[in-house]
1. All but one of (1) at pLDDT 80 or above; (2) open to solvent by less than 90 Å² (accessible area, probe 1.4 Å); (3) over 50 Å from the mean Cα position of the chain (by Cα) hold for Ala54, so report the exception by its number.
2. Among the residues of segment 118-133, which ones are hydroxyl-bearing (Ser, Thr, Tyr), within 13 Å of Pro173 (Cα to Cα) and free of Cβ contacts under 8 Å to residues at least 24 places away in the same chain?
3. Pull up segment 121-133, narrow it to residues that are outside any strand (DSSP E or B) and polar (S, T, N, Q), then point me to the one that is surrounded by the fewest Cβ atoms within 10 Å (Cβ to Cβ).
4. From the list Asp136, Asp73, Asp147, Asp66, which one is acidic (Asp, Glu), closer than 30 Å to Gln180 by Cα and either touching a residue at least 40 places away in the same chain (Cβ under 8 Å) or open to solvent by less than 80 Å² (accessible area, probe 1.4 Å) (or both)?
5. Only one residue in Ala94, Ala43 is hydrophobic (A, V, I, L, M, F, W, C) and surrounded by 10 or more Cβ atoms within 10 Å (Cβ to Cβ). Which one?
6. So for segment 154-170 (the condition being aromatic (Phe, Trp, Tyr), closer than 21 Å to Gly76 by Cα and in contact (Cβ under 8 Å) with a residue 24 or more places away in the chain), does at least one residue qualify?
7. Does segment 150-180 hold any residues that are assigned to a loop (DSSP other than H, G, I, E, B) and either loosely packed, with under 14 Cβ neighbours inside 10 Å or at pLDDT below 90 (or both), and which are they?
8. Condition test on Ala106, is it surrounded by 11 or more Cβ atoms within 10 Å (Cβ to Cβ) and more than 24 Å from Val176 (Cα to Cα)?
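The values are calculated or read from the model by the stated rules, or taken from the named source; none is laboratory data. Keep in mind it's a predicted model, so treat the numbers as computed, not measured. Please note: Cβ atoms are built from the backbone with ideal geometry, for glycine as well, and neighbour counts cover all protein chains shown. Ligands, DNA and RNA are stripped out before the accessible areas are found, and what is left, the full protein with its side chains, is counted by its heavy atoms. Shrake-Rupley method; radii C 1.70, N 1.55, O 1.52, S 1.80 Å.
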Amino acid sequence: MTDKEKDTQKQAEAEAQADAEAQAAEETNPLAEALASAESKAAENLEGWQRAQAEFANYKKRVARDQELVLADTRGRVIKRYLEVLDDMERALANRPAEGAGAEWAAGVELIYRKFLGFLESEGVTRVDALGQLFDPNLHEAIAQEDSPDHDSGTVTEVLQPGYMLGERVLRPAMVKVAQ
């Protein structure tokens, strides 16, 4: 071996010994152990905090969704009660007097009826168009069946009470007669 090779070998052995001593010092150094422990605890706390944040965000979304459902349900129940008043007004207007003081009074009732319809439309209430449509148990309630040569089987032939929807939700199904 040449002197240069011997020097390189000695230098490599010295570096290996220094690395081994540094590693042994780190393993026995209490500060290094405390640092490693603190870092693992910090990572654990960060993970727990992130999980809590995600759970809280999901909770807020769930509460908002539940509030929307309760609001829509309450709104639907209130509007459904007004539909009975609307039916009464329609029956009264269907039998209104043609002449005299009663006719003037009926004209006033008709103005109130139109205003009421406008209010319901502004709230998103729409009437179910059932006459001549195929019977749909989601939208219609069959009260009777009748033989009708003019209609196909399962077609709505008469609407006895109109149905209403609030957005995509059925407030009240239409009561209908269906062709056999």
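1. (3)
2. Restricting attention to segment 118-133, the residues satisfying the condition of being hydroxyl-bearing (Ser, Thr, Tyr) are 122, 126.
Cutting the leftovers down to within 13 Å of Pro173 (Cα to Cα) gives us 126.
Selection gives nothing.
3. So in segment 121-133, the residues outside any strand (DSSP E or B) come out as 121-124, 129-133.
Of the ones still in play, those that are also polar (S, T, N, Q) are 122, 133.
Numbers: Ser122: 8, Gln133: 16.
Restricting to residues being outside any strand (DSSP E or B) and polar (S, T, N, Q), the top hit is Ser122.
4. Details: Asp73 fails: closer than 30 Å to Gln180 by Cα; Asp147 fails: either touching a residue at least 40 places away in the same chain (Cβ under 8 Å) or open to solvent by less than 80 Å² (accessible area, probe 1.4 Å) (or both); Asp66 fails: closer than 30 Å to Gln180 by Cα.
Just a single option satisfies the conditions, and that option is Asp136.
5. Values: Ala94 fails: surrounded by 10 or more Cβ atoms within 10 Å (Cβ to Cβ).
On inspection, the qualifying residue turns out to be Ala43.
6. If we filter segment 154-170 for residues that are aromatic (Phe, Trp, Tyr), which is where we start, we get 164.
Keeping just the survivors that are closer than 21 Å to Gly76 by Cα gives 164.
Those still in the list that are in contact (Cβ under 8 Å) with a residue 24 or more places away in the chain too: 164.
There is at least one residue in segment 154-170 that is aromatic (Phe, Trp, Tyr), closer than 21 Å to Gly76 by Cα and in contact (Cβ under 8 Å) with a residue 24 or more places away in the chain.
7. Initially, segment 150-180 is screened for residues assigned to a loop (DSSP other than H, G, I, E, B), giving 150-154, 162, 167-168, 173, 180.
Hits for segment 150-180 are Asp150, His151, Asp152, Ser153, Gly154, Gly167, Glu168, Gln180.
8. Values: surrounded by 11 or more Cβ atoms within 10 Å (Cβ to Cβ): yes; more than 24 Å from Val176 (Cα to Cα): yes.
Judged against the criteria, Ala106 is a match.
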